[in-house]
Every structure is written in structure tokens, then in C-alpha cells.
């Protein structure tokens, strides 16, 4: 369970860290803690994995990554972990997950995201991936995104219904 | 955005220190002043190139649940379906994609049980089958888009 003080800390930092010389001191002041305790608690949350990452979240479209594709493969179950680990090493692979198949409607079980600056570039990267990992014999598909209808931030509380950014593109 | 901004973005995608003067520490490795880093970071956030600066939480460890789901929305009712789905606060993002399964969205809920409840409600309201594709395994990638 998450300790009450940690929960308060999470609520305070979820929208962003203060951009000021002593950010953790400022947070501490808001919570009536001292700076050292805030640092210790955040370090602990990071170590436990509750905080996956601390840093900047970019708007990839604003960085010129206009072509975003979900690339999916049907990999035999016995090979999925090996292939997943291998594919995730490529620089242009931004997310990589095993997910369930849905019969003939959806025969794919390995999902990756490629964020590219053009459609051609993404297709080249996919060809390179297939060739490098000898994936020619496995069914695959590429689903470019056409429109983004909704993309909201990662607020956990107080509405509580918002989590992180997995699978966004 | 200049070269220094690019280096700042790339560096801060890798992580941010948890210590008393974290900006100073990062600035030193970048050979710029702490003040310059703070100003540039603020400008990048204000201009919308960065969507956020802070922690990314692990949903499941927070007690919550996430899933990726898709529907086959008929062309003539596509926008109506999108509106219905996006009205759910649990829908974190939603994308049109080129496939028979042409609408893909992420659900984020406070508890694992709520995922199925929301899916059932979406099925009732849209009359469509929702294909639920929760992650079975995540393979680590360095989440980084070079600026």
C-alpha cells in the first residue's frame, strides 16, 4: 500500500516538478515536510518502480515525428519473449508489448510503436527490423494513426482515473 | 529550438536527478548555467514542445489498471462512436488507425475490475464489440525520441 505521505507527494508532483533552483524544497514547503524527506521519499518511489521515470515528456508531433505506426506481429508463443526483447533494442522502437490475440480477427500478439518523421522512413525501419530479426515468416501488419481524438495528461488524483502514457503516439 | 534545446530534451528524456539542486547538476553536465537550463526548460514547456516535466507513474503499481482496446467503427457512424467513447473519463487517448479495427483507445482505471465494467458500458452504448488487449508482457525500450 502507498503511505499517506507518499500519496500526498504523488498528488503534488503529478502535474509537474517546479522549475526552480530547489524544486524539492518547494514541494517540501507545500507539504510541511523538509527537503531531505521529500528527496528520500521520491528516491524510494523511484527505486520501487512506482515512479517509472522522471523527466520530460515530449509532444512527438511537435518534434517532427508525424508518422506514427503501430506495428504488430504474430510470433509463436515459444519465441515471444526472445523476439520481444530483441525487437525492443532497436533505436526506433518506442514501445514493445506482448498482448493477446483475438482469433482470426486479430492474429497478432506482439505490438510495437514506431514514431517516425515520415511514412517512408517508418516503412524503411520496418523492413530493416524484419530483415534484421528474420521476421519474414511471421504475419505482420502496420497501422498508421490517422487522427488523434483525445490525449490527456497523466493525472492520478483527485479524479483518479488517469494513468500513464502507455501506447500513446 | 536550437542545438542546446535539443540536448536538453534528449538529456531530460533519460531522467532527472533527485537531489537538492537537480537543475544545477544537469546544467553542469551540459556546460550551461543553471539559470539558462531553467529558462530554456520553461520556454520549451510554454511553447508546447514538451507536454510535461515530472514523474511518469507505474499505473499497476499504483493499484490501477490500463488496457489497450479497439473497435470496428462503421464509416458512417465513425464520429458518433468516437464521441461516445471519448466521453468516458477512463479513455486516456484514442486514435483512428488504418485497419478493420479502426479505432484504438487506452483505458485507465483506478482498479483492475473497472476495466471490464467500462468495456461493457462502451459495448452497450456503441453496440460494437470491444477487443480488449491488455499487456501480457512489456519489453523495455528506452523511451526516447531524439529531438
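The values are calculated or read from the model by the stated rules, or taken from the named source; none is laboratory data. All of these numbers come straight from a predicted model, not from anything done at the bench. So basically every Cβ, Gly included, is an ideal-geometry build from the backbone, and we count neighbours across all protein chains shown.
Odds and ends about this structure:
- Matching residues in the stretch A:32-54 - criterion: being under 29 Å from residue B:48 (Cβ atoms) and more than 7 Å from chain B (Cβ to nearest Cβ): A:38, A:45
- Residue within the stretch A:60-72 that is at pLDDT 95 or above, more than 14 Å from the chain's Cα centre (by Cα), closer than 23 Å to residue B:135 by Cα and more than 8 Å from chain B (Cβ to nearest Cβ) present: yes
- The one condition from (1) surrounded by fewer than 18 Cβ atoms within 10 Å (Cβ to Cβ); (2) closer than 20 Å to residue B:94 by Cβ that residue A:71 does not meet is (1).
- If you filter the stretch A:1-30 down to residues that are closer than 13 Å to residue A:51 by Cα and surrounded by fewer than 16 Cβ atoms within 10 Å (Cβ to Cβ), you find that the one that is farthest from the other protein chains (Cβ to nearest Cβ) is A:11.
- The stretch B:23-55: number of residues that are in a strand (DSSP E or B) and buried (at least 19 other Cβ atoms within 10 Å of the Cβ): 5
- Filter result for the condition that a residue is in contact with a strand residue (DSSP E or B) (Cβ under 6 Å, 6 or more places away or on another chain), more than 7 Å from every other protein chain (Cβ to nearest Cβ) and over 28 Å from residue B:113 (Cβ atoms), over B:50, B:44, B:37, B:12: B:44
- Given (1) surrounded by 13 or more Cβ atoms within 10 Å (Cβ to Cβ); (2) facing chain A (nearest Cβ under 8 Å), number of the condition residue B:140 does not satisfy: (1)
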